[in-house]
Amino acid sequence: MFAEAVRHSYIDDLVLKKLKTLNIPPSPQCNDHEFIRRAFLDAAGVLPTPEEIKAFLGDKAPDKRAKLIDKLLDRPEFVDYWAYYWSDVFLVSSRTLPQPAMWSFYQFIRQASRTTNRGTSSLAKSSPPAAATCKMAQPIIS
């Protein structure tokens, strides 16, 4: 079952390895209607427009799914969605940071979200502490 699963990249190998470890069989490949909806929601947090759906479903190219993902990664909604997500993960908030530090940290995350070749671990490792991002008189946590 795992040996026969379709693989498109090394990510598929990692997912299949984890599924095998957890003894969860891989799901069958979804149809194009499901794929475009899932891709838009997962990558950009928005639904595709009717025009985008028609164009995708009408495309007969064998690599149309990969092309759609590349287009989604270039959209401003991708940057917005992931900047908000990582801001939540890193607790970027005016309740926890002085406003200048908060905006500076948010802009760093937003810029990092524009660079699609960064992994989550490199984002976490390169994120500057908010205290270093903005010169403050007092530390956030004492």
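No value in this document is a laboratory result; all are computed from the given coordinates. Bear in mind the structure is a predicted one, so any value in this text is a computation, not a measurement. Neighbour counts run over all protein chains shown; Cβ positions are idealised from the backbone, glycine included.
Number of Lys pairs in segment 1-107 with C-alpha atoms less than 25 angstrom apart, excluding same-chain neighbours closer than eight positions?
Value for segment 1-107: 4.
Rank-order 32-38, 93-99 by packing density, defined as the average count of other C-beta atoms within 10 Å over each peptide's residues, highest first. Don't skip to the answer; put the middle values down first.
Numbers: 32-38: 14.3, 93-99: 12.6.
In decreasing order of mean packing, 32-38, 93-99 become 32-38, 93-99.
Calculate one ³J(HN,Hα) per residue across segment 3-20 by plugging θ = phi - 60° into the Karplus curve 6.51 cos²θ - 1.76 cosθ + 1.60, and present them in order as whole Hz with x for glycine and proline.
5, 7, 5, 6, 10, 10, 7, 5, 4, 4, 4, 5, 5, 5, 4, 5, 4, 5
Would you mind classifying segment 1-114 by shape? Square roots of the alpha carbon gyration tensor eigenvalues, ordered a ≥ b ≥ c; an a/c under 1.5 is rounded, otherwise it is prolate if a/b is larger than b/c and oblate if not. List each step's numbers first, then the result.
Details: a/c = 2.92, a/b = 1.51, b/c = 1.93.
Oblate, since a/c reaches 1.5 and b/c is not below a/b.
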